[in-house]
Amino acid sequence: MLLMKKMAVLKSHGLFDIVLEMRGGASLSLTSLTAHELSELLDKRELSSKELTVAHLERIGSVDDKVKAFTTLTAEHALLQAEEIDKKRVHGEKLSPLAGIPMALKDNMCTRGIRTTCSSKILEDFVPPYDATVTEKLNSAGTVLLGKCNMDEFAMGSSTENSGFFATRNPHDLNAVPGGSSGGSAAAVAAQEAVFALGSDTGGSIRLPASFCGVVGLKPTYGCVSRYGLIAYASSLDQIGPLTRDMTDCALVMSAIAGHDPKDSTSAPMDIPDYSKYLVNNVKGMKIGLPKEYFGAGIDPQVLAYLQQAIGKLEEMGAICEEVSLPHTMYALPAYYIIAPAEASSNLARYDGVQYGLRVEAEDIVSMYCKTRSQGFGDEVKRRIMLGTYALSSGYYDAYYMKALKVRTLVKRDFDHVFENYDCLLTPTSPTVAFNHGEKADDPLTMYLSDICTIPVNLAGIPSLSLPFGQVNGRPVGLQLIGKAFDEGTLLRVGYSLEQSTNLTKPLPALKGGSRA
Amino acid sequence: MSQKYETVIGLEIHVELKTATKIFCPCPNEFGGEPNTHVCPVCLGLPGVMPVFNKRVLEFAVKAGLALSCEIASYSKFDRKNYYYPDLPKNYQVSQYDLPICKLGSVEINNNGEVKTIGITRIHMEEDAGKLLHGGATITSSNYSRVDLNRTGVPLIEIVSEPDLRSAEEARAYMEKMKAILEYLDVSDVKMEQGSLRCDANISLRLVGAEKLGTKAEIKNMNSFRSLQRAIEYEVERQTEILDEGGRIVQETRSWDEEKGITVSMRSKEEAHDYRYLPEPDLVPIIVDPKWVNELRASLPELPDARKKRFVKELGLSEYDAGIITGSRALADYFDEVMIKYNDPKTVANWVMGELLRLINAGDMEITENKIKPDQFAALLQLQADGTISGKMAKTVFEEMFATGKGPETIVKEKGMVQISDEGALATLIEKVIAANPRSVEDYKAGKEKAIGFLVGQIMKETKGQANPGVVNKLLIEKMK
Ligand SMILES: [Zn+2]
């Protein structure tokens, strides 16, 4: 009965096709919908948040042993939140469009009373006594927290293989990595375990997993979303953003989390825009730059073919796409690997076993520091702490850190320069689709190259969005749109236009291929 | 002994600012409290927290800079000073490195009458660390240490002097001047014993006439003006001996041991920290509006030097007296308040510097802890002036006032201490004493003027000290004519 009713409801919303494609019952089909679709059902009381939450918890129960997207599940907490929202809805309270929507947070965003690990052994049992500003904002929007998502330890990595606990799998092909470092967040959304998730992006950590997992991922302008309560990797580069099923959800989540926060001095003094108003299917006359440095050697021909298809589509819709140059692009990666580790070496100094987190007892304080940090941190974290410590050491500071800051300025100027004539830029998010587990795990330098297309944006502090566009051997391809500072609107508009005019932006996960999982 | 070496001293002073809240979080900035009660996620340095700069700290730092004739930076920033210590929860201290808020200032000191200008290199803002309570004597010899983070995030300014000081006395005079200026600005409690004013000294020697600075030792852990002076004197002696024996000074950090009266090596130059300064990415640069600086400059209170000059010029106090009284804002304010009700600068100065400071120093107290209200003080001086009580009585009453906080009239009444000045009342007694002491009267008449003292003494004894000695003296002379 209930199932039939739901199917009828879905059909009446023109969503029947999607449901038919899904295997399993009604619960499973519910998990395939977007936040804005679900919001409508919730608003009309055709569905309760509790039912929706249960559906997601069941979905997690059935697929997460393969995907391994979560470090911590908060089922009880989620059901309580859902019930509360349902009550409010019954009482006719005015609710936000995200009220009652089940979502997940990357495990580097503090949640009061819920452990927040950064996927590190050193914080395995850390339970923050306070909420991050994004947590607070989503709480007041009435979202339902399903759990915390796995990540590369302290957000250092591009594959979510560097988790201190376990690796996350790509829902499209379980042999592939989900990308990183927000791999758990992207995989949870792709595997329909959560309607949306938040990730953080320091050098591509939202966009790369979005690309690999076939979801939309936005890294907002630096200062757009509060970092208060985000456990820092590299403070001058970190930025929180949404991972969603489509552009409309991306806009909805942004409207809920963006805005000035007095607790974050680096957050911009801005009003919270209504990002939904940018969801316009029209790119006529828009000038889109194609930076040649991003289309060079190393790009997979099939990825390139999809890019060309996207360019063709945009031109067809009246946009003007032209080649541009960002000449300092090649220096961005090395500069990033000075600046980010330098900040990380300082940010991660607090994990010393004194006040919280792991402590390995030893005969004196210095040995306690050494043992705690040796056992608590994984190899990649240690590698970056050492790199950063070295770069800041007296005698090396000018040669490395100062020079990297100069490169950063040049990279930023490149963008300023092209944005004098172009509305946004289009590039691949990654030169290739998702690689296999273990493929690059022992070769840090090759792994670092995964972020070659995403890193310059973080150095410049500007917004950038990854949008799914086709698949190669079942693995999604991501388009990257790069915009001017605080012009997320243009990215949403271009992304929305592509989404409305093709059927390439919503790849469905196969959840296959994981014999080793 | 002729001077072979010249002593060169530079001081680094840490001043805790008395803002209502800490520098980067809303926790109360209060001394003491149960351990770890004035804390929040931010000052505990929990994962994910971010600092928010308390603008009052900037105001206080700029005021200090203006009072010390510094240039105020229009663009300044915070940096992280990285080092591991358990009283530092983030294992970095937010401080200022290459762009301090103030630089290139100066201050005039007066060392026993010798006036000298000392350069101020810079003033920067930073956060204080917490406190460790060791289970044993030191961190290395203890089985455990407890960490109290109440002080973590208390705002500090560090004032760095040029190496312009040439003796322990000068260093002390400089510190005393700094304390006075900061007290006048009302930006700090400036209590060395409580640690709100702390100081490290860089000390080196060079041959008299030499230009190049000698190798310096940095002395830490001096908790009073006295220990600052003693530590420097000891260190100068230590370095002199080494140089005299043909040895070389090692660049190092040394700690003053108050009990033993010596400095001991803490760490050598090789063991010194590499602080790996990094611009603080969680804070934005500090942009200072010159208009605001001018407003602050205009609102600065009268500073010790100006007040001293005014006291000399307008009130006719001696340089010395004015120097002592204006050396502390609380004392000078007190002086001014007494003067409102009893406008006799010299008498008030004598009483303040004599009786009041004597009792305060004996009780190891602050001026502000003194129980005598300025109008009570003035009333006492008035009682003495109109002859109601004698000078000697006044001192007794003053001590009672100091101990109990009672008004002078109350004490005089309670003790029946009113002076007898009535000539009629004294005449009978005087005649009686003259009759009883013919010998002294003879002596006086024979020209031994001292004999009158004995007679006065007798009368004072009879009246239990209440007779007005002036009146008694006058009456005696009349009667013995
Ligand atoms: Zn605090």
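Name every residue in region B:386-418 that is within 17 Å of B:Met460 (Cβ to Cβ) and open to solvent by 20 Å² or more (accessible area, probe 1.4 Å), in order of residue number.
Selection gives B:Thr388, B:Gly391, B:Lys392, B:Lys395, B:Thr396, B:Lys415, B:Gly416, B:Met417, B:Val418.
Look at region B:276-294 and say how many of its residues are crowded, with 16+ Cβ neighbours inside 10 Å and facing chain A (nearest Cβ under 8 Å).
Selection size over region B:276-294: 6.
Filter region B:1-49 down to the residues that are open to solvent by 30 Å² or more (accessible area, probe 1.4 Å), more than 10 Å from the ligand (Cβ to nearest atom) and more than 25 Å from the chain's Cα centre (by Cα) and list them by number.
Within region B:1-49, B:Met1, B:Ser2, B:Gln3, B:Lys4, B:Glu6, B:Glu34, B:Pro35, B:Asn36, B:Thr37 meet the criteria.
Here is a list: B:Leu475, B:Leu455, B:Leu383, B:Leu426. Which entry is free of Cβ contacts under 8 Å to residues at least 60 places away in the same chain and touching a strand residue (DSSP E or B) at 6+ places or on another chain (Cβ under 9 Å)?
B:Leu426
Do we have any residue at all in region A:328-351 that's in contact with a helix residue (DSSP H, G or I) (Cβ under 8 Å, 6 or more places away or on another chain) and without any contact (Cβ under 8 Å) to a residue 24 or more places away in the chain?
no
Would you mind stating whether B:Ser204 is among the hydroxyl-bearing types (Ser, Thr, Tyr), away from the ligand (no atom under 16 Å from the Cβ) and within 14 Å of another protein chain (Cβ to nearest Cβ)?
no
Take the conditions surrounded by fewer than 20 Cβ atoms within 10 Å (Cβ to Cβ) and within 30 Å of A:Ile339 (Cβ to Cβ) and apply them to A:Pro444. Does it pass?
Details: surrounded by fewer than 20 Cβ atoms within 10 Å (Cβ to Cβ): yes; within 30 Å of A:Ile339 (Cβ to Cβ): yes.
Yes; evaluated as a whole, the condition is true for this residue.
Of the residues that sit in region A:338-366 and are in a helix (DSSP H, G or I) and modelled with pLDDT under 95, which one is nearest to the other protein chains (Cβ to nearest Cβ)?
Here the answer is A:Ile365.
Among the residues of region B:50-78, which ones are open to solvent by 20 Å² or more (accessible area, probe 1.4 Å) and within 16 Å of the ligand (Cβ to nearest atom)?
Those that are open to solvent by 20 Å² or more (accessible area, probe 1.4 Å) and within 16 Å of the ligand (Cβ to nearest atom): B:Val52, B:Phe53, B:Asn54, B:Arg56.
Can you pull out every residue in region A:397-441 that is in a helix (DSSP H, G or I), of a type in the set (A, V, I, L, M, F, W, C), open to solvent by 10 Å² or more (accessible area, probe 1.4 Å) and over 19 Å from A:Lys287 (Cα atoms)?
Matches in region A:397-441: A:Ala399, A:Met402, A:Leu405, A:Val407, A:Leu410.
Got a number for residues in region B:150-198 being among the aliphatic types (A, V, I, L, M) and within 16 Å of the ligand (Cβ to nearest atom)?
Matching residues across region B:150-198 total 2.
Every residue in region A:63-104 that is free of Cβ contacts under 8 Å to residues at least 24 places away in the same chain and either open to solvent by less than 70 Å² (accessible area, probe 1.4 Å) or within 20 Å of the chain's Cα centre (by Cα) (or both), please.
Once the filter is applied, which keeps residues that are free of Cβ contacts under 8 Å to residues at least 24 places away in the same chain and either open to solvent by less than 70 Å² (accessible area, probe 1.4 Å) or within 20 Å of the chain's Cα centre (by Cα) (or both), region A:63-104 yields only A:Gly92.
Would you check if A:Ala297 is loosely packed, with under 15 Cβ neighbours inside 10 Å, under 30 Å from A:Ala399 (Cα atoms) and away from chain B (no Cβ under 14 Å)? I'd like the intermediate steps shown before the answer.
Numbers: loosely packed, with under 15 Cβ neighbours inside 10 Å: yes; under 30 Å from A:Ala399 (Cα atoms): yes; away from chain B (no Cβ under 14 Å): yes.
For A:Ala297, the condition - loosely packed, with under 15 Cβ neighbours inside 10 Å, under 30 Å from A:Ala399 (Cα atoms) and away from chain B (no Cβ under 14 Å) - is met.
Please count how many residues of region A:378-404 are small (Gly, Ala, Ser) and either in contact (Cβ under 8 Å) with a residue 60 or more places away in the chain or away from chain B (no Cβ under 12 Å) (or both).
Count: 3.
Could you check, for region B:138-148, whether at least one of its residues is within 16 Å of the ligand (Cβ to nearest atom) and within 14 Å of another protein chain (Cβ to nearest Cβ)?
yes
If a residue must be at pLDDT below 85 and open to solvent by 30 Å² or more (accessible area, probe 1.4 Å), how many such residues does region B:370-382 contain?
1
Scan A:Ser163, A:Ser120, A:Ser140 and give me the residue that is of a type in the set (S, T, N, Q), within 14 Å of chain B (Cβ to nearest Cβ) and out of contact with any strand residue (DSSP E or B) (no Cβ under 7 Å at 6 or more places or on another chain).
Only one candidate passes the filter, namely A:Ser120.
Pick from B:Ala379, B:Ala330: which is assigned to a helix (DSSP H, G or I), touching an Asp or Glu at 6+ places or on another chain (Cβ under 8 Å) and closer than 30 Å to B:Lys413 by Cβ?
B:Ala379
The values are calculated or read from the model by the stated rules, or taken from the named source; none is laboratory data. The model shown is predicted, which means the values in this text are computed figures rather than measured ones. Using ideal geometry, Cβ is built from the backbone for each residue, glycine included, and neighbour counts are taken over all protein chains shown. What goes into the accessible areas is simple: the full protein's heavy atoms, side chains included, and nothing from ligands, DNA or RNA. Shrake-Rupley method; radii C 1.70, N 1.55, O 1.52, S 1.80 Å.
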